[in-house]
1. With Cβ to Cβ distances under 15 Å as the rule, what net charge do the other residues near residue 75 carry (K, R +1; D, E -1)?
2. What is the Cα centroid distance between segment 209-242 and segment 71-100, reported in whole angstrom?
3. Suppose a student asked you for the relative contact order of segment 123-233, using Cα pairs under 8 Å spaced at least 6 residues apart; what percent would you report?
4. Pairs of Cα atoms under 8 Å, at least six residues apart: use those to get the relative contact order of segment 66-173, whole percent.
5. I'd like to check one number: the per residue accessible area of the chain, probe 1.4 Å, reported in Å² as a whole number.
6. To the nearest 10 degrees, how steeply does helix 168-179 sit against the main Cα axis of the chain, on a 0 to 90 scale?
7. Out of the DSSP beta bridges found with both residues in the chain, what percent are antiparallel (nearest 5)?
8. Relative to the longest principal Cα axis of the chain, at what angle does helix 107-122 sit, 0 to 90 degrees, rounded to 10?
Amino acid sequence: MKAIITGSEGFIGKFLCTRLNGLFDVIRIDTKTGGDAVRIEPLLAQGDIDAVFHLAAETSVFNDRLDDIERENIHAFMAVATACHRHGVKLVYASSSTANACNTTSMYGMSKRFDEQFAKAYCPSATGVRLHNVYGREPRQGTLLYNLLHGPCTIYNGGRNVRHFTYIGDAAEALLYAYGCNRQLVNVRNPQSNTVREFCDEVAKYRDLNLSYTDGLRPLDNFAQSVDEGIYSVPLHYRDIRQGLASTFAK
């Protein structure tokens with residue numbers, strides 16, 4: 001079998017490429033290597049692609065590059081989804097917990113919610129994967145774990161914000177699960193919620209951290225990253241933050 005992974009050089013993309021090794025012949029597409037997901041259709045037209053895992057996107061609720069988000073998360077997604085539907089190729093795409101109406105505070109979250117609605121209408125065989133606060137080795141720049149490891153780092157709201165921190169290995173398994181799934185949307189989240197402070201305390205067991213806490217609030221942030229319980233959650237043995245961070249820092 002053959003699969004395309006867009007965003008293959010990103011945090012999740014690199015991990016997924018490794019996970020799919022031996023299961024698929026993987027074609028990697030990433031802007032870092034001169035690729036562009038918008039131009040995916042000629043590859044699909046060859047007729048030998050079984051799946052597209054579309055991970056390429058602008059990320060983060062704190063991203064203020066609105067034009068980039070519109071181009072990469074909306075227009076590029078439309079091109080990929082339309083091409084997959086036209087050629088009958090299974091599309092698995094990365095959505096986000098921020099697409100939940102309770103969590104949408106930013107252009108990023110709006111773009112991911114748009115993707116879900118567009119796929120439902122124009123690529124109904126696609127499966128969107130709502131990823132919740134994914135962390136792991138070599139974390140993406142700007143995420144909590146990255147900031148902790150490249151301090152100094154300021155933690156807002158006294159670290160009381162609540163998240164479903166999900167280990168990257170579990171996220172990769174869920175993306176593979178979605179390939180064989182006939183649902184249009186699934187949740188991928190560690191069912192156990194933790195405060196940001198609890199996460200920081202666990203990281204501090206492995207690294208000396210340069211961080212400070214403030215009761216100030218960060219614009220666009222949510223106190224709790226709510227989970228839409230009406231959406232099916234992929235059934236995995238999710239690692240809690242103790243297990244996930246042990247795997248992250250294992251030598």
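1. -4
2. Distance between centres, Cα-based: 24 Å.
3. Details: 162 pairs, mean separation 45.2, N = 111.
Contact order relative to length: 41 percent.
4. RCO, segment 66-173: 26 percent.
5. Using a 1.4 Å probe on heavy atoms only, each residue of the chain averages 48 Å².
6. 30
7. Bridges in the chain that DSSP calls antiparallel: roughly 5 percent.
8. 30
The values are calculated or read from the model by the stated rules, or taken from the named source; none is laboratory data. The structure presented is a predicted model; accordingly, all values stated were derived computationally and were not measured. With ideal geometry, Cβ positions are generated from the backbone for all residues, glycine too; neighbour counts draw on all protein chains shown. Areas reflect the complete protein model, heavy atoms only, side chains present, ligands, DNA and RNA absent. Shrake-Rupley method; radii C 1.70, N 1.55, O 1.52, S 1.80 Å.
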